[in-house]
Amino acid sequence: MIAKIPRKSSNPNKLPREGRTAEAEESSPPIEETKGGGFPSYALAGLLIVALGEILLFSGNYWIGIYFTPIQWTGYILFMDGLHKRLKGTSVISDHFGEFALLLLISIGSWLIFEGYNLLLENWRYVGLPENRLLRYSGYAWSFATISPAIFLTYQVLDDLLPGPSPFAGPSRMGSSAFAILVFLGLACLVVPVVKPSTYMTPLVWLGFALFLDPINHRLGERSILAELFSGHGRSLGILFLSGLVCGLFWEFWNYWSTAKWHYDVPYWGHIKLFEMPVLGFLGFMPFTIECFAIYKFVRRILPIPLKERYLG
């Protein structure tokens with residue numbers, strides 16, 4: 001560990017400077033934040049959405065039952081973004097909506113990758129979906145769009161509230177040997193389940209993109225959670241892991257009551273469950289947050305869209 005703790009930055013989205021290109025420095029400053037701000041009305045609307053969703057679900061409303069999970073996550077995202085604005089004075093929804101819209105699309109694309117793996121591994125299946133394809137696929141898109149925003153906003157709020165230096169604003173380091181080993185392991189985790197598909201291979205998928213893309217992001221000059229860890233600063237990793245557990249509990253709680261839901265096939269002590277999820281499966285939510293972060297940063301880097309502001313560093 002580095003003995004000297006970096007001075008706490010007023011900007012939790014600041015990107016470590018080492019490894020960034022001059023072009024990135026000039027064209028894509030981090031989203032600036034200020035101390036505190038008003039509590040936006042849409043945050044209260046988010047709470048209302050969650051409350052009404054619960055009431056209408058248990059009242060037997062068919063449409064709420066079908067779309068219960070994405071409805072609840074929509075309310076959650078609105079509230080968490082508003083809470084972050086109240087705490088830090090900025091909002092990705094109200095202040096940087098273009099970036100938020102891109103995040104929704106990247107979230108859909110990210111989860112479709114895991115759906116592709118699931119076709120081979122059969123780790124979960126959906127039940128209770130509407131037969132109408134338009135209704136079914138619109139529900140898919142809505143649900144998938146909420147995944148990354150929910151994780152990232154949970155991370156930001158926890159980062160705001162928990163003590164400690166945030167974020168790591170010093171130079172992050174990852175040696176060539178560590179880079180090569182991590183990328184190789186990540187690639188193996190992504191390839192082996194395709195070559196030898198089995199439900200037992202599922203844990204590899206929840207590690208692969210974190211090990212493969214996060215080091216590559218560091219080489220590209222993007223923020224890397226693992227590089228921060230190697231530099232002696234594991235706070236961001238810990239908060240992302242905690243965000244995964246928080247979101248995982250909400251995902252499984254709301255899924256449990258929903259009419260349209262998913263069931264799991266987890267081969268490791270699958271009979272010991274919390275809601276629909278076998279208890280061991282909750283561990284997968286932790287590295288999954290790093291995967292979502294790494295995919296977002298990588299895609300955002302290569303998209304031919306100017307980086308006007310950097311979200312999450």
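Taking amide H positions as placed in the peptide plane 1.01 Å from N, state which residues far from Leu274 in sequence (5 or more) or on other chains have amide H under 5 Å from it.
Val279
For a quick protection proxy, order the peptides 227-236, 71-80, 90-99 by their average other-Cβ count within 10 Å, most packed first. Don't skip to the answer; put the middle values down first.
Working: 227-236: 20.4, 71-80: 23.1, 90-99: 17.8.
Highest mean packing first, the order is 71-80, 227-236, 90-99.
Please work out the C-alpha center-to-center distance from region 73-147 to region 275-304 and express it in whole Å.
12
Could you compute the net charge surrounding Thr199? Neighbours are other residues with a C-beta less than 10 Å from the C-beta of Thr199; K and R count +1, D and E count -1.
Values: positive: none; negative: Glu122, Asp265.
Combined, the nearby Lys, Arg, Asp and Glu give -2.
So what's region 47-155 giving for Cα Rg divided by 2.2 N^0.38 Å, two decimals?
On the way: Rg = 15.3 Å, N = 109, 2.2 N^0.38 = 13.1 Å.
Expressed relative to 2.2 N^0.38 Å, the Cα Rg reads 1.17.
Explain nothing, just compute: Karplus ³J(HN,Hα) = 6.51 cos²θ - 1.76 cosθ + 1.60, θ = phi - 60°, for every residue of region 238-246 in order, whole Hz, x for Gly and Pro.
Along region 238-246, the couplings run x, 6, 5, 4, 5, 4, x, 5, 4 Hz.
Taking the highest mean first, how do the peptides 204-210, 57-63 order by number of other beta carbon atoms within 10 angstrom per residue?
Working: 204-210: 22.3, 57-63: 12.0.
With the highest mean Cβ count within 10 Å placed first, the list reads 204-210, 57-63.
In µm²/s, what is D for region 127-266 at 10 °C and 1.306 mPa s, where D = kT/(6 pi eta Rh) by Stokes-Einstein and Rh is the Kirkwood radius from Cα pairs?
D = 90 µm²/s.
Tabulate in residue order the Karplus-calculated ³J(HN,Hα) for region 216-228, using 6.51 cos²θ - 1.76 cosθ + 1.60 with θ = phi - 60°, rounded to whole Hz; enter x for Gly and Pro.
Couplings: 5, 4, 4, 5, 7, x, 8, 5, 10, 5, 5, 5, 4 Hz.
What are the residues whose amide H is under 5 Å from the amide H of Arg173, where those residues sit 5 or more places off or on another chain and H is modelled from the backbone?
Amide H neighbours of Arg173, under 5 Å, 5+ apart: Ser231.
Since every read-out is calculated from the coordinates, none of them should be taken as a lab result. Remember, it's a predicted structure, so these values are computed and weren't measured experimentally. Neighbour counts run over all protein chains shown; Cβ positions are idealised from the backbone, glycine included.
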